[in-house]
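First the structure, in the form of structure tokens, and then the observations on it.
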Amino acid sequence: MITIRPSRPDDAPVLFAVWLAAVRSTHDFLSEEDIGFYADLVRDQYLPAAALLVAVDGDDRPVGFLGMTGRKIDTLFVDPAWHGRGIGRALVARALVDGPDLTVDVNEQNSAARAFYRRLGFREVGRSALDDSGRPFPLLHLALDGSGRGDPTGA
């Protein structure tokens, strides 16, 4: 049974492990040097400061998380051992509780993430040649307009 709760400071080490495993599983376009660069930012800056929604198993162990700024999904990562079980969909559905319109940036090279968001009804509204750190990993800007098409709640 998966539940979703707010993050706690003591979640940070497990959330970092989830992030690292997910990145290694889905971001095959990144070198180990690239992963190291982002790992330092995620571990030392992002996770300690972010208010996240955390998907936990029956033992309250984090298996995925979602972070937002306003109506923009900043981060969504699920432990690869839990991929395909509806955790990402459940986290996005929880984000929709506060309103229908969501945006997200996804790495253009991450075909699995692009397909995931497309299934949920997100559509491409723009593109950037560089990521938020100024690195050459193009981002697709996606939006969910609240029309209900591809409803993440499964309704």
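The values are calculated or read from the model by the stated rules, or taken from the named source; none is laboratory data. For clarity, every value in this text was computed on a predicted model and none was experimentally measured. Positions of Cβ are generated from backbone atoms using ideal geometry, with glycine treated the same way; all protein chains shown enter the neighbour counts. These accessible areas exclude ligands, DNA and RNA; they are computed on the full protein's heavy atoms, side chains included. Shrake-Rupley method; radii C 1.70, N 1.55, O 1.52, S 1.80 Å.
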- Note on the structure: Per residue, the convex hull enclosing the Cα atoms of the chain spans a volume in Å³ of 107
- Would you mind working out the accessible area per residue for the range 32-155, using a 1.4 Å probe, and quoting it in Å²? 51
- Message: What does the charge count around Trp82 come to, taking other residues whose C-beta lies under 13 Å from its C-beta (Lys +1, Arg +1, Asp -1, Glu -1)?
- Response: +1
- Note on the structure: Once the dipole of the chain is set up from charges on Cβ (+1 Lys and Arg, -1 Asp and Glu), the residue from the list Thr3, Val78, Phe137 lying farthest towards its positive end is Thr3
- Query: Dipole of the chain, Cα-centred, from +1 at each Lys and Arg C-beta and -1 at each Asp and Glu C-beta, to the nearest 20 debye?
  - Reply: 600
- Note on the structure: A 1.4 Å probe over the protein heavy atoms gives the chain a carbon and sulfur accessible-area percentage of 53
- Task: Averaging sequence separations of C-alpha pairs under 8 Å and six or more residues apart, then dividing by the length of the chain, give the relative contact order as a whole percent.
- Result: 20
